[in-house]
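In what follows, a structure is listed as C-alpha cells, so that the remarks can point back to it.
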Amino acid sequence: MSFQRLFLTALILIPFQLLGNENHYTLDFSQIEGNALEWFEKNGWAEQADMDKMNPRFEKGTLVIEPKDDYSGVFFKDFRPDSRQLKGVNKIRIEWGVEQYPEGSDWSGSTDEKRNVRNAIGVMVFFGDEDQDSGVFYVPNIPYFLAFFLGEKERPGKAYLGNYWQKAGRYFCTPCDGKIGEFITEMELPKTFNRQFGFDPPPISGISIDADASNTTPKNGRHSKSFIRKIELLP
C-alpha cells in the first residue's frame, strides 16, 4: 500500500452520513447519490494521493473505487482536531466487496525486502497521538494502526507487515478466499491490538479508506474494482 502522503489531509462528515460519539462511529454510504468527488469536496472531504483518478463514485448504495490505471489513493478522517477520539470501541464491522482484485499484488516474501503489497480496498484504524517510525526518512511517521483488506491470495488470520511502519502497523485480510462479491468483516479491536503490540490500545484517533493498484496489471480495462457500503466502530 502506498501511503507516503496519508496524513496530509483530514475529512469532515455531515450528520446523516456519520453518526458518532465516544464509543460508536458509523459511516453509511447507502443513501448517498451524485458525483462522489463533488460530494467529498462539498462536505469537507479531501482526497489523498491519486484517489481522484481512481474513478470513485456512488453506485447502488455504495462507494465504488475502480482505477483504470495503476494508481493508489486514500481518504482519511482525523478525529483529533475535533477532540473526538473514540474510547470504548470494541469491534469494527465493514460491509464491502470486490469485483476484481489487482493482478500482481503479493504480500508474501521477506518483510526485509520491498514487496508489491497492493489491495483492491482497505480500511485502517489509527490509535493514539504519538507518531511511530515509518522505517525510512522519506515516508512520514504515523500513529499505531490496524488495517483490514480484502485479498485474493493472502491467508486469513495472519498479521501481515507492510513495507513501512512495521513496528506500528498490522494488516489483516478477512475474509480472504479470493472470491468476488460482497462480504462482512468483523474483528475485535482491543484484543487484536494487545495481541500484536503487547499493551492496551490508546483511543482511536483516525480512520481511512484506501485502495492501491500500483505496479499491477490491467484486466477488463481496469486494475481493480471494489466497494464499501458501511463502516461501523462499535462498543
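The values are calculated or read from the model by the stated rules, or taken from the named source; none is laboratory data. The shown structure was predicted, so the numbers you read here are calculated from the model rather than taken from an experiment. No Cβ is skipped: glycine too gets one built from the backbone with ideal geometry, and neighbour counts run over all protein chains shown.
Annotations for the structure displayed:
- Hits in region 167-177 (condition: in contact with a strand residue (DSSP E or B) (Cβ under 7 Å, 6 or more places away or on another chain), within 21 Å of Ile65 (Cα to Cα) and part of a loop (DSSP other than H, G, I, E, B)): Thr174, Pro175
- Residues that are buried (at least 22 other Cβ atoms within 10 Å of the Cβ) and out of contact with any helix residue (DSSP H, G or I) (no Cβ under 9 Å at 6 or more places or on another chain) within region 181-208 comprise just one, Ile207.
- Matching option when the condition is closer than 24 Å to Tyr71 by Cα, surrounded by 12 or more Cβ atoms within 10 Å (Cβ to Cβ) and either of a type outside the set (A, V, I, L, M) or modelled with pLDDT under 85 (or both), among Asp28, Asp50: Asp50
- Counting only strands (runs of 3 or more DSSP E) that sit wholly inside region 53-166, those with at least 3 residues that are touching a residue at least 40 places away in the same chain (Cβ under 8 Å) are 62-65, 72-78, 91-100, 119-132, 142-149.
- The set of residues from region 57-109 being among the polar types (S, T, N, Q) and crowded, with 16+ Cβ neighbours inside 10 Å comprises Thr62, Ser72, Gln85, Gln100, Ser105.
- For the residues Ile180, Ile228, Ile209, the requirement of being in contact with a Leu (Cβ under 6 Å, 6 or more places away or on another chain) and either under 25 Å from Asp70 (Cβ atoms) or charged (D, E, K, R) (or both) singles out Ile228.
- For the criterion of being outside any loop (DSSP other than H, G, I, E, B) and either within 20 Å of Gly104 (Cα to Cα) or in contact with a Gly (Cβ under 9 Å, 6 or more places away or on another chain) (or both), Phe193 fails.
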